[in-house]
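The block underneath contains the structure these notes are about, expressed in C-alpha cells.
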Amino acid sequence: MIMSNRKLECFLAHVLVLWLPLTGLLAPSQKCPGQVSSGLADETNRHAPGTLCVMTYNLRFASPVPPNAWPQRRPIMRELIQNVSPDLIGTQEGLHGQLQDMASDLPTYDWIGVGRDDGLEKGEFMAVFYRKKRLEPMTTNYFWLSDTPEVAGSSTWGNKNRRMVTTVKFRDLQTKQEFYLLDTHFDHEVQLAREKSAELVRKRVEDLKTALPLLLIVDFNAAAGQNKAYHLREDDNFIADT
C-alpha cells in the first residue's frame, strides 16, 4: 500500500470499497481481488497478497422504525461485509450498541472509537473496524471539528450535531507498512461548518509531519467537485480523490 507523501487518499460514504496494492491505487470496486466464494467470508483474509481492502460505511443510526430499522438492516450489513471481506472499515453514524452488535457479528474484527457527544459512549461514533490478524493499531487520537478540537463534544460553527475525527496509526502485519487513517463525517446542514472542518482536518494532517501514507475516509455531506469542503483546498494537490 503506497500513497503519495503528504497526500490524502479520500473515500466517500455511504458504502464504497477499494483495494490498495503495494504498487499503487486502483479504481473503486465492489469486490476486492482474490476473493473466493465462502460462507466464512469474515474468517480469513481472502485477498491477493500485498493488497489492503478498505471499506467506508455510513451505518445510519440504529433507528427502531421501519423501513430503516436496525434489526432488519443488521443481518444485511453483516452479509455485505462478509461478502466483501475488507481488512479495514471506516464507519460513520454508528451508536455504541450498534457497534457492539457489529463486533459480535464480525468476530475477526476489533474496533476503535468514542462517542462524539462526550468522548465516551454517548452519541454517534466515527468507529474504525480492522481485521485483527492483518492490522495492528499503534496510536489512536480523537479530535472534534470545532474551534476547541481537544474539548470532547465541542461545537462552535453553528452545527447542531457534534462532529469529530478518529485518527489511527496502523501497522500492516503482512507488508510491515505503517500508515495513518482518518475517519470523519462533516455536517449535513451548515456549509461553514463543512468548510471549517475541511480546514481543520488539513491542518491536523500537516501537524503530523509524517512521510507515511495517509488515508482519509469522509462522509462529506457535499457534492463531489461542487463544494469547497470536498476539495479541502484547491490551491495544491494536497488531496487525491480515489
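Cross-link pairs exceeding 25 Å between alpha carbons, from the set Lys122/Lys228; Lys132/Lys209; Lys203/Lys228; Lys132/Lys176; Lys160/Lys228; Lys122/Lys209: Lys122/Lys228; Lys132/Lys209; Lys122/Lys209.
For the pair Asn141 and Val65, the difference between a 0.36 nm per residue extended length and the Cα-Cα distance amounts to 24.0 nm.
Note on Leu208 and Glu121: with the Förster distance fixed at 25 Å, the Cβ-Cβ geometry gives a FRET efficiency of about 0.35.
Every number here is computed from the coordinates shown, using simple stated rules; none is lab data. Everything numeric in this text was worked out from a predicted model, so none of it was measured. With ideal geometry, Cβ positions are generated from the backbone for all residues, glycine too; neighbour counts draw on all protein chains shown.
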